[in-house]
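Read through the structure below, which is laid out as structure tokens, and then see the notes.
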Amino acid sequence: MIEAPIEPPARARQELIDLWASLSFSGRKAILTAARLTAMEEGKLPEGQSAIVQDAEVSCG
């Protein structure tokens, strides 16, 4: 089987998926909370959405 080179965006996406999979539950929650706080500071957080991530929102898959 000949391996085709992975496009850079696809490679970057796969690396992010792999990194996400390696994080603990609390690590994922912290990353999501930090992203929402940043979005809130930039005025990009959707109306009514909390910056603090709830346990039920953190996917383990």
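The values are calculated or read from the model by the stated rules, or taken from the named source; none is laboratory data. Predicted, not measured: the structure shown is a model, and the values here were computed from it. Heads up, the Cβs are rebuilt from the backbone with ideal geometry, glycines too, and the neighbour counts pull from every protein chain shown. For accessibility, only protein heavy atoms count, side chains too; no ligands or nucleic acids. Shrake-Rupley method; radii C 1.70, N 1.55, O 1.52, S 1.80 Å.
Some values worked out for this structure:
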item: Residues within the stretch 24-33 that are open to solvent by 50 Å² or more (accessible area, probe 1.4 Å), without any contact (Cβ under 8 Å) to a residue 24 or more places away in the chain and in a helix (DSSP H, G or I), tallied; result: 3
item: Every residue from the stretch 38-54 that is among the charged types (D, E, K, R) and surrounded by 12 or more Cβ atoms within 10 Å (Cβ to Cβ); result: none
